[in-house]
1. Please go through (1) touching a residue at least 12 places away in the same chain (Cβ under 8 Å); (2) out of contact with any strand residue (DSSP E or B) (no Cβ under 8 Å at 6 or more places or on another chain) for Gln284 and return the number of the only condition it doesn't satisfy.
2. If you check Val196 against the conditions, is it more than 12 Å from Gly167 (Cα to Cα), more than 13 Å from ligand 2 (Cβ to nearest atom) and in a strand (DSSP E or B)?
3. Anything in segment 225-257 that is outside any loop (DSSP other than H, G, I, E, B), among the charged types (D, E, K, R) and open to solvent by 30 Å² or more (accessible area, probe 1.4 Å)? List them, or say none.
4. Quick check: anything in segment 379-388 away from ligand 1 (no atom under 16 Å from the Cβ) and open to solvent by less than 40 Å² (accessible area, probe 1.4 Å)?
5. Ile16: modelled with pLDDT under 95 and closer than 26 Å to Arg384 by Cα, yes or no?
6. Out of all the residues in segment 353-369, which are in a helix (DSSP H, G or I) and open to solvent by less than 10 Å² (accessible area, probe 1.4 Å)?
7. Condition first: in contact with a Phe, Trp or Tyr (Cβ under 9 Å, 6 or more places away or on another chain) and farther than 19 Å from Met260 by Cα. Now tell me which residues in segment 198-213 satisfy that.
8. Being among the hydrophobic types (A, V, I, L, M, F, W, C), within 16 Å of ligand 3 (Cβ to nearest atom) and either in a helix (DSSP H, G or I) or at pLDDT 95 or above (or both): is that true of Val203 here?
Amino acid sequence: MELRNPFLRGAPSRIIHSRGTIALMSESSTPRIVPLVDLRAGALQPPAAAFAAKNRVTAQGVLPDALGRKLRDLRISVTDRCNFRCNYCMPKETFDKDYPYLPHASLLSFEEITRIAKQFVAHGVQKIRLTGGEPLLRKNIERLIEQLAVLRTPDGQPLDLTLTTNGALLARKAKALKAAGLHRITVSLDGLDDAVFRSMNDVDFPVAEVLAGIDAARDAGLGPIKINMVVKRGTNDHEILPMARHFKGTGIVLRFIEYMDVGATNGWRMNDVMPSAEVIQRLQSELPLVALVAAFPGETAQRWGYAKADGSFDPEAGEIGVISSVTQAFCGDCNRARLSTEGQLYLCLFAGQGYDLRTTLRSGTSDADLASAIGHIWGGRTDRYSEQRSAIPADTSGSARRVEMSYIGG
Ligand code: SAM
Ligand code: SF4
Ligand code: SF4
């Protein structure tokens, strides 16, 4: 399937992009509006090597974007495939056997990923998260982890190296992941009730196997473990309290995520979102909580600790988190960049286009010019979709689309 958008391969003098369309401007013409049909095709070209070299930014130290937000966190999608079909992410109707997944040659190799990651680390990245699709489906993922685990920040520190998984393959892979150098893991789990879980993953996968995976990860020393639960009103909100009871006091941090309007295929409606404030209220009805301070700048989750009878935080009982991407935007200190499976750099989960680093890489560019290109791209970043969401008309149909979560990772 030909996905490339020929208009983006040339060199227009100016590209103006807004959600779902791109206007190409040349000195003599009026804007040409090009609807984007498959956002994987809408890659922007990073600054040409010569330009980047002339305007080289220092490849050391922390790099702020146009709004002063420092690049700290890189999420790398290693596959666009998955063995689940969670209806909020890869609904079966779209992601069926005819869906045009990326061919193997389009994927970045482990060496290419590591080479790009190295330049990000030189620009201030301290944390790398492997994601997807389902990252444990990528063959020999342990080899990539080994390569990333030896990277060091400019001041000689190891990275915080983590991975988000649906847990289906975790029981058999946890030990090997740890041995390869993975530090910790996040497991997605939307409920404990087997029927609810099977219906949400939509491939009839039993919850017991994911729970066994979580046990294996803990036994392997992949901690602290986090659990992500996407809460969909009327679908699994009755699982909030059972999940909290189950993980309380285990050292595992349960995080409730607001169902987000990512991609264009999940039929998102605000009515299906359960605001974090309501989740907290429901928990408080049985399990008193106290607000905790953020562990570090740019933390996506708001932390709440279980309270003792005197109202103070009980560290033995542990904490939960809420990620309120819909009702309480946290773009102000968003320090995350995302690298897609085929090497496009996305500056926001809701971005319309990525920057094609793979072509740059495969054209034989030097490390210094690659780093400089990354510096220019991040330096121009103004994305803050969640803060602007309410001002943007809802149109997730037709040709105006956002990139899918399974393509750039969560
Ligand atoms: N397959 C892995 C997994 O499920 O953990 C990694 C990729 S998945 C895209 C990463 C995270 O995004 C998961 O925790 C998932 O629950 C979350 N996610 C996917 N679609 C979402 C949506 N529409 N709203 C909120 N979170 C979503
Ligand atoms: Fe797969 Fe993760 Fe998306 Fe579920 S959330 S469909 S497990 S990529
Ligand atoms: Fe970051 Fe974009 Fe999410 Fe805002 S909407 S927090 S900029 S990823």
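1. (1)
2. Numbers: more than 12 Å from Gly167 (Cα to Cα): yes; more than 13 Å from ligand 2 (Cβ to nearest atom): yes; in a strand (DSSP E or B): no.
Against the criterion (more than 12 Å from Gly167 (Cα to Cα), more than 13 Å from ligand 2 (Cβ to nearest atom) and in a strand (DSSP E or B)), Val196 does not qualify.
3. Lys226, Arg245
4. yes
5. Details: modelled with pLDDT under 95: yes; closer than 26 Å to Arg384 by Cα: yes.
Yes.
6. Leu357
7. Scanning segment 198-213 gives Arg198, Val203, Phe205, Pro206, Val207, Val210.
8. Values: among the hydrophobic types (A, V, I, L, M, F, W, C): yes; within 16 Å of ligand 3 (Cβ to nearest atom): no; either in a helix (DSSP H, G or I) or at pLDDT 95 or above (or both): yes.
Judged against the criteria, Val203 is not a match.
The values are calculated or read from the model by the stated rules, or taken from the named source; none is laboratory data. Nothing here was measured: the structure is a model prediction, and the numbers come from that model. Neighbour counts are summed over all protein chains in view; Cβ atoms, including those assigned to glycine, are modelled from backbone coordinates with ideal geometry. We work out accessible area using only protein heavy atoms, side chains counted, and drop any ligands, DNA or RNA first. Shrake-Rupley method; radii C 1.70, N 1.55, O 1.52, S 1.80 Å.
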